[in-house]
Amino acid sequence: MLDKLKRLIKRLLPASDDVMEQTVKSGVWVGVMNVTERGLELLLLVIVASLLSPRAVGLMGIALLTLSSLKKFSELGIKSALIQAEEDNVDDELNTAWTIETARGTVIAVILFLGAPFIASLFNEPAATDLFRVIALSPFIVGLRNPAVVYFQKSLDFHKEFVYRVSGAVAYFVVTVGIALYDPTVYALAIGYIAGDAARFLVSYLADGYRPWPSFDIDVAKKRYSFGKWVTANSILYFLYSRGDDAFVGWALMASALGFYQLAYRLSNAPATEITQTI
């Protein structure tokens, strides 16, 4: 069985420069990656619903909603711009991209940490203050990841993208469930979420030998932002469309209500949102 699996994986690894072959194999990797991520996400949701209270789920929902809003409204689209760039090699631009993302992640982390009491009061949930400060580690870690991960998609190396993405999903699942079984509080979700980011951070450097160094080229930044600004606009509009209801429920009602709402929505829409989106 193990030998068959090894042979299957070997067949799916890029073996030539044929674009059609690479495209087909990349499509298979993307499909398997999405199924794995969605499957783990749905399974985690079911387990969390049985172990944690709706209020704990709601508090985590508020924290991730806040983090997502800060990330979406500060998205510069540099990664997307580098992936879409005509040049096959963008090594000379990676240091600038890494410096920008590191600075962005640090700023978001500082805003979350220092602004935690104020943000918690907006949702009338003072207990979320410490949670925001824990989650503040996430954007800082993400900002430090290897910028060469753009090559995973740019060069159709989706077997590397698979390992990169799924490693985070597995770490999130294992750590969250492990802690929740021992201490079923919202911090099981928070620590698990950070563990997922940490796993992707490590894999980003293990999967590619590029090592970034702090430097900034204003011409590179301007060049890539001319494309990235449209990614920024799109990410903001999509956030308002997809998360606006969560923001309203979290602000108008209590964390418990948001927890019930998110659990009910995700579980009832699983066939549409978790399975069909893998296609």
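Annotations for the structure displayed:
- Any hit, segment 122-129, residues being at pLDDT 90 or above, out of contact with any Pro (no Cβ under 7 Å at 6 or more places or on another chain) and of a type outside the set (Phe, Trp, Tyr): no
Residue-wise test of (1) more than 26 Å from residue 149 (Cα to Cα); (2) over 18 Å from the mean Cα position of the chain (by Cα).
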site: 99; (1), (2): no, yes
site: 106; (1), (2): no, no
site: 120; (1), (2): yes, yes
site: 135; (1), (2): no, no
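- Contact map, segment 200-222: residues that are farther than 11 Å from residue 149 by Cβ paired with residues that are part of a loop (DSSP other than H, G, I, E, B) and modelled with pLDDT under 90, Cβ distance under 9 Å, separation 6+ or inter-chain. Pairs shown: 221/76.
- Of all residues in segment 62-80 being out of contact with any Gly (no Cβ under 9 Å at 6 or more places or on another chain), of a type in the set (Gly, Ala, Ser) and in a helix (DSSP H, G or I), the one that is nearest to residue 148 (Cα to Cα): 68
- Test for residue 182: is it among the hydroxyl-bearing types (Ser, Thr, Tyr) and closer than 20 Å to residue 105 by Cβ: no
- Highlighted here are the helices (runs of 4 or more DSSP H) found entirely within segment 184-279 that include at least 3 residues which are over 23 Å from residue 73 (Cβ atoms) and modelled with pLDDT under 65: 255-268.
The values are calculated or read from the model by the stated rules, or taken from the named source; none is laboratory data. These numbers come from a predicted model, not from an experiment. Cβ coordinates were reconstructed from backbone atoms using ideal geometry, including for glycine residues, and neighbour counts include every protein chain displayed.
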